[in-house]
Each structure stands twice: as C-alpha cells, then as structure tokens.
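Input: a single structure, listed below in structure tokens.
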Amino acid sequence: MEILNHLLTLLMLLLLQVVLGFDNLLYISLESKRAPADRRAYVRKVGIAVAVIARIVLLFLLTRVIAMFTSPFLTLSWSGLLEGSFNLESVIVLLGGIFIIYTAVKELFHMIGSDHLGGDGERQASKSTGMVIFTIVLMNLVFSFDSILSAMALAQQPAMDNAGNPTGETEYIMWVMATAIIISGLLMIWLADRVSAFLEKNRLYEILGLFILLSVGVMLVSEGAHKAHLKFFGNAIMPMTKTTFYFVIAILVAIDIVQGRFQKKLIARRVSAERPSKV
C-alpha cells in the first residue's frame, strides 16, 4: 500500500514537472541559439543534463536548510512608500524574472531592428558554448525552484521511530522526488531539439515565444515580489496565478492564429489585384 501511495505521488510530481516545464523548455530553445550553430543540439542536451543534476543537489540542499531560504534577511519599512521582507527564495525568483524580461525585450528589439530576417547569423552566436550551458543551468534552477518546493510539499510523510511511532518530525521521500526530476529531464532532452527545430522552421512563432517568455518573466517578478511581501504605496503585489498565466498564453496564441490567417488573406487579395495589370 505504501509503494502504491509513493507511485501515485510520483505520477503527480511528473504531471507537475511537465506543466511547469513548458516555459523552461521554451527558454532553453531560445537561449541555445546564442551558441555556434553546430553546437546547439549539444548545448541543449548537456545544459538540461547538468541542470537535472543541479536540481537534485538543490533538492537535497533544500530539505536540510529550507529555513535558510525562507527566513528574511532584509526588511524594508518605509511606511506608505515601500515595504517588504526579502529572503533567498524571493530574491532568486525576482532576479530570475527580471533577467528573463530583459532577455525577451532585448530579443524583440533586435528582431524589430534587424535587417537580416533569414538566418541567425553572427549575432546569435554571441556566447561561448560553456557560457550558454551555464546560463541554461542557472535559469533552469530559477524555473524549477517553485516546482521543487511543491514536490517537497507533496512527497513528505511523518517520521517514525524504530517502534513505528510518529516522532513529530517530517521526512521527505527523496527517491520519489529525484525520480520525477530525472524522468522530466529526459523528457525535456527529447523535446528540446523538436521545439528548437519547430521554431527554426516557423520564425514567426519565435515572436510568439518571446512574448510568452516575457509573460513568464512578469509572472516570476510578481511571484518574487509577493514572496517578499512587497508593498508600493500601501498596495501589496499579488502573484500571477498559473491559471492567469495559461489564459494569457491562450490569448497570445489566438491572436497569432487570427493575425496569421488575416495576413494570408491580405496577401492573396493583393496578388489577385496585381495579376490583371501584368497581363
């Protein structure tokens, strides 16, 4: 019976990792384009593999020093102007969100100002292979921070003494959490090349991906600010819920589909209007 409960917990953790891993996979696909063209598949695979190991290390670390990440170390108390209480978790999520917003906005401005719409060119290969892998691993940890904490909440049970009596403490089912991380990592490795190939063949969807990434950054910033209990002018910052996030993604996808079809109609109408003049 205990094994069955553990397997059900593992299934729940896998579903959690899959749902929360979408934005992570999108970031990996876009970031890998900064590596040399012949090293991008290698960068994605190695980056995800190292990130999986780092996530397991982070998991073991969090189960032992969770108080260090959740205890405040900086308090702002400018009453009526700015209030907040920062801990390591809130700072990590905040900085990660800011970095993702910066990356998405920078790429969008580049696409607007670029005269070369075809290939990635020299500008995309702007980082070394090692630097791209390091960035992928670092941002993977930021993306997975909440999922690890959620996994810890799901995969725990009361600690028992040798006589089978509860000790009042909590123990974590490490093999369940580590297995979920490894399986989700293998799934990401399998999907990474396919997502990157799709974006490469459909360059217009890259713009959609950047706007989704921008939404991810906004979600992380709001979540980090909420964890820090930030208040501006007495107004608390509320986190963007996952439901709201996926609703925003659905709206962005719908706009992209409608705009694409409307653009095709305009092109067809223009071609049909120009055709008699060529006869």
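No value in this document is a laboratory result; all are computed from the given coordinates. Keep in mind that what you see is a predicted model, and the values were worked out from it rather than measured. In this analysis, Cβ positions are derived from the backbone assuming ideal geometry, glycine residues included, and neighbour counts consider all displayed protein chains.
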Checklist outcome for this item: Residues whose built amide H sits under 5 Å from the amide H of Leu82, excluding neighbours closer than 5 in sequence, are Phe233
Checklist entry - Is the stretch 195-279 rounded, prolate or oblate when judged by the Cα gyration tensor, a ≥ b ≥ c being the square roots of its eigenvalues, rounded requiring a/c under 1.5 and prolate requiring a/b larger than b/c? => result prolate
Checklist outcome for this item: Expected vector for the stretch 256-265, Karplus 3J(HN,Hα) from phi with 6.51, -1.76, 1.60 and θ = phi - 60°, integer Hz, x for Gly and Pro, equals 5, 5, 5, 5, x, 5, 5, 5, 5, 5
Checklist outcome for this item: Long-range amide H partners of Glu171, meaning residues 5 or more apart or on another chain whose placed amide H is closer than 5 Å, are Gln157, Ala159
Checklist entry - So for the pair Ala197, Ile255, with labels modelled 7 Å out along Cα→Cβ, what separation do we get in nm? => result 3.1
Checklist entry - With labels modelled as points extended 7 Å from the Cα through the Cβ direction, what inter-label distance (nm, one decimal) is found for Phe232 paired with Phe73? => result 2.5
Checklist entry - Which residues in the stretch 182-226 place their backbone N less than 18 Å from a point set 7 Å from the Cα of Tyr42 along the Cα-to-Cβ direction? => result 193
Item to check | Protection proxy ranking, peptides 220-226, 263-269, 32-38, 187-193, average beta carbon neighbours within 10 Å, highest first | outcome: 220-226, 32-38, 187-193, 263-269
Checklist entry - Given 0.36 nm per residue, what is the gain on full extension from Leu95 to Leu8 after removing their alpha carbon distance, in nm? => result 27.9 nm
Checklist outcome for this item: For the table Lys33/Lys242; Lys45/Lys201; Lys45/Lys127; Lys106/Lys265, the rows whose alpha-carbon distance is greater than 22 Å are Lys33/Lys242; Lys106/Lys265
Checklist entry - So if R0 is 41 Å, what FRET efficiency would Thr241 and Glu274 give, r being the distance between their Cβ atoms, rounded to the nearest 0.05? => result 0.25
